[in-house]
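Single-structure report; data block below.
The values are calculated or read from the model by the stated rules, or taken from the named source; none is laboratory data. Keep in mind it's a predicted model, so treat the numbers as computed, not measured. All Cβ positions, even for glycine, are placed from backbone atoms using ideal geometry, and neighbour counts span all protein chains on display. SASA here: full protein model, heavy atoms, side chains in, ligands and nucleic acids out. Shrake-Rupley method; radii C 1.70, N 1.55, O 1.52, S 1.80 Å.
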Amino acid sequence: MQTRITKLLEIEYPVIQGGMAWVANAALAANVSKAGGIGFIGAANAPAEWVRSEIRRAKEITDKPIGVNVMLLSEHVDEVAQVVAEEGVKAVTTGAGNPAKYMKQWKEAGIRVIPVVASVAMARMMERAGADAIVAEGMESGGHIGEQTTMSLLPQVVDAVSVPEAVQLGTRFIVAKESTVSQAYKDRVIGAKDIDSVVTGRSTGHPVRSLRNTMTRQYLEMEKNNVSFEELEHLTLGALRKAVVDGDVAMGTVMAGQIAGMIKKEQNCAEIIQEIVQEAKETIKKCSIFAEDSCGNEAEHA
């Protein structure tokens with residue numbers, strides 16, 4: 001399955017694993033890459049030396065291309081950007097800001113830069129800054145989100161820029177067998193229904209999508225009562241770690257996209273990617289047959 005993205009990143013399938021904080025470690029990233037996609041270590045707000053150790057650990061697992069997701073609001077971002085360049089990863093995805101400051105440094109190190117955007121304006125800005133590809137992320141996704149749906153955002157971004165977009169999957173890989181998140185977190189995603197995700201934090205300007213639980217109910221009630229930003233922050237302090245590491249899916253933040261309602265089982269990374277690729281091939285084949293049939297019918301009526 002050759003596309004502009006597979007050629008750009010030297011991978012087998014155009015599948016990018018999202019760099020999810022606390023979830024996307026060396027084990028998950030390396031196994032996604034081994035399966036033919038490209039895995040990304042989520043740097044989040046971790047110190048630079050942790051990122052370095054995870055990159056090296058991933059390289060011990062696979063010789064396939066791997067990447068790092070750099071959260072640009074991190075207090076360690078300058079040091080992480082330097083480590084990424086030194087360790088020679090294949091690509092960097094970025095979120096929560098503009099990576100222009102680090103673009104030259106990464107490009108000189110031969111790293112492909114792929115910003116994650118939530119608007120057409122940001123996509124255009126990233127193309128001008130030299131981005132190699134762009135991920136357009138809709139508000140259905142888990143974690144920190146924008147305001148547009150994928151259905152409306154993606155075609156507008158495609159029309160606005162010429163760099164290739166990529167298919168990025170986050171929630172789907174949370175339940176991978178190689179994912180080291182708590183079993184309680186995985187079970188919560190697998191058991192989710194279509195209406196089980198909710199967005200908190202709209203009042204603060206930092207909306208987050210996660211699965212409904214005791215914490216989200218308390219948070220939404222506090223937002224309704226206009227409590228202070230500090231009180232809201234206190235409620236969610238360390239909440240993602242609680243869910244991912246400790247398995248506290250009642251008071252932890254169980255970040256997941258709306259797609260969780262379609263995820264029904266644990267699979268290894270290779271099975272997940274092969275299933276996606278097979279479904280894509282079948283869809284393309286059906287579309288081709290439909291197009292040929294439509295052309296034939298039109299010719300008969302002409």
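When only the Cβ of Lys, Arg, Asp and Glu is charged (+1, +1, -1, -1), the dipole of region 100-151 relative to its Cα centre reaches about 320 debye.
Can you give the local net charge around VAL120? Use residues other than it whose beta-carbon is closer than 15 angstrom to its beta-carbon, Lys and Arg +1, Asp and Glu -1. Local charge sum for VAL120: -3. The eigenvalues of the Cα gyration tensor, multiplied by 5 and square-rooted, give region 203-244 an equivalent ellipsoid with semi-axes of 17, 11, 10 Å from largest to smallest.
Are there trypsin sites (Lys or Arg not before Pro) in region 163-249 that DSSP puts in a loop and that have at most 10 other Cβ atoms within 10 Å, and which ones? Display every interim value, and only then the final one.
On the way: sites: ARG172, LYS177, LYS186, ARG188, LYS193, ARG202, ARG209, ARG212, ARG217, LYS224, ARG241, LYS242; in loops: LYS177, LYS193, ARG212.
Counting only loop positions with at most 10 other Cβ atoms within 10 Å, the trypsin sites (Lys or Arg not before Pro) in region 163-249 are LYS193.
Enter the accessible area per residue of region 152-204 (Å², integer; probe 1.4 Å; all protein chains in place). Numbers along the way, then the final one.
On the way: 2270 Å² over 53 residues.
That works out to 43 Å² per residue.
In summary, the convex hull built on the alpha carbon positions of region 63-199 has an orientation-averaged projected area of 9.6 nm². Label-to-label distance for VAL227 and ALA129 is 3.5 nm, based on points extended 7 Å past Cα in the beta-carbon direction. Judged by the mean number of other Cβ atoms found within 10 Å, the most tightly packed of the peptides 41-54, 266-279 leads the ranking 41-54, 266-279.
Label-point separation (nm) for GLU108 and CYS287, each offset 7 Å from Cα along Cα-to-Cβ? Each label point is offset 7 Å from its Cα along the Cβ direction, giving 4.1 nm.
Among residues other than GLY247 with Cβ under 13 Å from its Cβ, the summed charge is +1 (Lys and Arg +1, Asp and Glu -1).
Dividing the summed -39500 (n - 2.57) terms of all DSSP H runs of n ≥ 4 by the residue count of the chain sets its mean residue ellipticity at 222 nm at -13500 deg cm²/dmol.
A Cβ-based charge dipole, computed about the Cα centre of the chain with Lys and Arg at +1 and Asp and Glu at -1, lands at about 320 debye. The value of relative contact order for the chain, using C-alpha pairs under 8 Å at least six residues apart, is 16 percent.
About its Cα centre, how strong a charge dipole does region 45-141 have in debye, to the nearest 20, once Lys and Arg get +1 and Asp and Glu get -1 at the Cβ?
About 300 debye.
Structural descriptor for region 10-79: relative contact order 35 percent, calculated from alpha carbon pairs under 8 angstrom and at least 6 residues apart. With all protein chains in place and a 1.4 Å probe, the accessible surface of region 38-184 carries 53 percent carbon and sulfur.
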